[in-house]
1. Go through (1) of a type in the set (Gly, Ala, Ser); (2) loosely packed, with under 11 Cβ neighbours inside 10 Å; (3) under 25 Å from residue 238 (Cα atoms) for residue 179 and report which single condition fails.
2. Before we move on, is residue 64 surrounded by 20 or more Cβ atoms within 10 Å (Cβ to Cβ) and either of a type in the set (A, V, I, L, M) or free of Cβ contacts under 8 Å to residues at least 40 places away in the same chain (or both)?
3. Kindly indicate whether residue 79 is among the polar types (S, T, N, Q), under 22 Å from the mean Cα position of the chain (by Cα) and modelled with pLDDT of 90 or more.
4. Would you please name the residue that is surrounded by the most Cβ atoms within 10 Å (Cβ to Cβ), looking only at residues in the range 148-176 that are aliphatic (A, V, I, L, M) and either closer than 16 Å to residue 131 by Cα or at pLDDT below 95 (or both)?
5. Can you tell me which of 90, 119 is exposed (fewer than 13 other Cβ atoms within 10 Å of the Cβ) and under 21 Å from residue 50 (Cα atoms)?
6. Only residues that are of a type outside the set (A, V, I, L, M) and in contact (Cβ under 8 Å) with a residue 60 or more places away in the chain: list them for the range 77-100, please.
7. Which of the helices (runs of 4 or more DSSP H) contained wholly in the range 65-147 include at least 2 residues that are within 30 Å of residue 171 (Cβ to Cβ) and out of contact with any helix residue (DSSP H, G or I) (no Cβ under 7 Å at 6 or more places or on another chain)?
8. Within the range 25-43, work out how many residues are modelled with pLDDT of 80 or more, assigned to a helix (DSSP H, G or I) and not hydrophobic (A, V, I, L, M, F, W, C).
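The values are calculated or read from the model by the stated rules, or taken from the named source; none is laboratory data. For clarity, every value in this text was computed on a predicted model and none was experimentally measured. Every residue, glycine among them, receives a Cβ derived from its backbone with ideal geometry; neighbour counts consider all protein chains shown.
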Amino acid sequence: MKSVEPEVILAAHSSLDYDAVAAYLEEVGGTSWIARMDRGEMDSELNDPQNLIEFAGRMCYRSWEPGLNPNVSRIRTDQEAYLTNILASRHGSVLEHVSFTFVLHNVSRVLTHELARHRVGVAVSQESLRFVRLQELPFWFPDWAREDEELMTRATAVLRQLEEFQTWMSDHFRLDEPGRGFGEKKHKTSFMRRFAPEGLATGLVWTANVRTLRHLIESRTAPGAEEEIRLVFDKIGRLMREEAPALFSDYRITDGAWIPEWRKV
């Protein structure tokens, strides 16, 4: 039995092709918008997620610069103010253009079953225990459980027994004998996983757009949410504050709960 901690790794996010955007703006008007990047008036590090959402928002109203849309009399040039207005006005559709991809490492199948309830705006690729044969059983214990000596003694004994049974089944099915076909290994491994606990730590690649992330960071850090998923989405929220502060800085954290100023975007 191996004690582990859930981890969140940011693996990728949406990017913006600035040359393509510049060519488009040259045709429709609005090159001053992208020129602001060269003058350092937008994010100096070219924050692609924030810039892409601003680009999508300005597309809706042709608000690249004054004069392009006679119905628009005022143009916000400060990106933080612009994106705050996006959130405040609940213009949530433009948030769907930007996605972030995470590796959720050493999270339990308890958590992955919870995540399966959220299907809109996400993509999931999870480690398959039909193909991956178990040997050691990684497991996360919350702090309060670790402080209960008798509980830990009994829990680790159960996990060690399950590990031993996994090893016994592997030997019993002779899965490592030369010439054993992969199809047979897969068949038996699929059976063996039925004796793994739901709390078994696993891994998945999980992608979600900004609109979905804002909803899940709020709902899955709420006091009534399952404790492991609260831990994981707190980590996700902190990563998002670093990666796209103009899109996630409106949250206040109260007793571990992330509460946004702008809701239902």
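1. Of (1) of a type in the set (Gly, Ala, Ser); (2) loosely packed, with under 11 Cβ neighbours inside 10 Å; (3) under 25 Å from residue 238 (Cα atoms), only one is false for residue 179: (3).
2. Working: surrounded by 20 or more Cβ atoms within 10 Å (Cβ to Cβ): yes; either of a type in the set (A, V, I, L, M) or free of Cβ contacts under 8 Å to residues at least 40 places away in the same chain (or both): yes.
It is true that residue 64 is surrounded by 20 or more Cβ atoms within 10 Å (Cβ to Cβ) and either of a type in the set (A, V, I, L, M) or free of Cβ contacts under 8 Å to residues at least 40 places away in the same chain (or both).
3. Numbers: among the polar types (S, T, N, Q): yes; under 22 Å from the mean Cα position of the chain (by Cα): no; modelled with pLDDT of 90 or more: yes.
Against the criterion (among the polar types (S, T, N, Q), under 22 Å from the mean Cα position of the chain (by Cα) and modelled with pLDDT of 90 or more), residue 79 does not qualify.
4. Our first condition is that a residue be aliphatic (A, V, I, L, M); within the range 148-176, this holds for 151-152, 155, 157-159, 162, 169, 175.
Within this subset, residues satisfying the condition of being either closer than 16 Å to residue 131 by Cα or at pLDDT below 95 (or both) are 169, 175.
Values: 169: 17, 175: 15.
Among them, the one singled out is 169.
5. On the way: 119 fails: under 21 Å from residue 50 (Cα atoms).
On inspection, the qualifying residue turns out to be 90.
6. Step one: list which residues in the range 77-100 are of a type outside the set (A, V, I, L, M), which gives 77-80, 82, 84-85, 89-93, 96-97, 99-100.
Those that are of a type outside the set (A, V, I, L, M) and in contact (Cβ under 8 Å) with a residue 60 or more places away in the chain: 79, 80, 84, 90, 91, 92, 93, 96, 97, 99, 100.
7. Details: elements: 79-88, 109-115, 143-146.
Hits in the range 65-147: 109-115.
8. To start, the set of residues in the range 25-43 that are modelled with pLDDT of 80 or more comprises 25-36.
Those still in the list that are assigned to a helix (DSSP H, G or I) too: 25-28, 31-36.
Okay, now just the ones that are also not hydrophobic (A, V, I, L, M, F, W, C), so 26-27, 31-32, 36.
Within the range 25-43, residues that are modelled with pLDDT of 80 or more, assigned to a helix (DSSP H, G or I) and not hydrophobic (A, V, I, L, M, F, W, C) number 5.
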